[in-house]
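Since the structure comes first, as structure tokens, the remarks are kept for the end.
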Amino acid sequence: KVDRSIRSAGSTQVFFVEPFNLFNYGTARTSIRLPGSDPASGLSFHQYATDAADAQSVLDNALAWSARTGGALLNTEWGATTDGAAITTQADQFDQALIPWIFWAFTSEAVAELALPPSGSNVVASTVDALVRPFPTAIAGTPTLISYDSASHDFVTTWSTIAPTGRKSPAGATTTIAVPELDYPTGYSVSVTGASVTSAPCARLLTLVADHRVSSVTVRVSAAAKCDH
């Protein structure tokens, strides 16, 4: 009923529903359906398993739900910790599963005082260092791989130039990758197969356009002592 009411008002946004709480710990799956059989809807789930294997079970269950229903996936809550190693492990798992995420903090996990600017000693370094990582913010096609090594700062992403609709992405469509200064303070180099870089050297938003005839693109970003494309 809620879905129908929202759609009748002209809304086109993705409509999300949440599973029962036990889903968020990897101990239960969900039989929740797409609300109103709405194809523009999905599952908003949390991930609070403390064990890496259970955390992976949460993601596996979410992917199984999406495969069964066709619904979108968005992790809208995880973290609530300052354990950098745990944050890194779980962020890696999300990337490998190609699931977008929103980190949860009771303020103190990210900044000491909300009334002060999020910089300097007011920032919780263990949290921020683990969370800040390169990430594609827009892909002209369908993502097939996102991988980041936080030790070496090597980032690799690949995508198909065929969009989720089944159609080839328009010629000249731009893919955008955020490349944070925190991870690449002195610069970065880019190695590309199947596309051309269209942004300036060491731009914090790396932009690329796929070559017209290719079916896939591979991009590797590596730390460098100076800007180099």
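Counting only trypsin sites (Lys or Arg not before Pro) that sit in a DSSP loop (anything but H, G, I, E, B) with at most 14 other Cβ atoms within 10 Å, what is the longest stretch of the chain containing none of them? Walk me through the numbers on the way to the answer.
On the way: sites that count: 1, 33, 167, 204, 213, 226.
Longest stretch, sites excluded: 34-166.
Can you sort 76, 107 by 1.4 Å-probe accessible area, starting with the largest?
Accessible-area ranking of 76, 107, largest first: 107, 76.
Per 0.36 nm of contour for each residue apart, how much would the distance between residue 5 and residue 171 grow if the chain were fully extended, relative to their Cα-Cα spacing?
56.0 nm
So for the chain: antiparallel DSSP bridges make up what percent, rounded to the nearest 5?
Antiparallel: roughly 75 percent of the beta bridges in the chain.
Please give the per residue accessible area of the chain, computed with a probe of 1.4 Å over protein heavy atoms only, in Å².
Averaged over the residues of the chain, the accessible area is 53 Å².
Using a Förster distance of 45 angstrom, determine the FRET efficiency expected from the C-beta separation of residue 162 and residue 227, and round it to 0.05.
Computed FRET efficiency for residue 162 and residue 227 comes out at 0.90.
The values are calculated or read from the model by the stated rules, or taken from the named source; none is laboratory data. Bear in mind the structure is a predicted one, so any value in this text is a computation, not a measurement. All Cβ positions, even for glycine, are placed from backbone atoms using ideal geometry, and neighbour counts span all protein chains on display. Accessible surface is based on the protein model in full, side chains and every heavy atom, while ligands, DNA and RNA are left aside. Shrake-Rupley method; radii C 1.70, N 1.55, O 1.52, S 1.80 Å.
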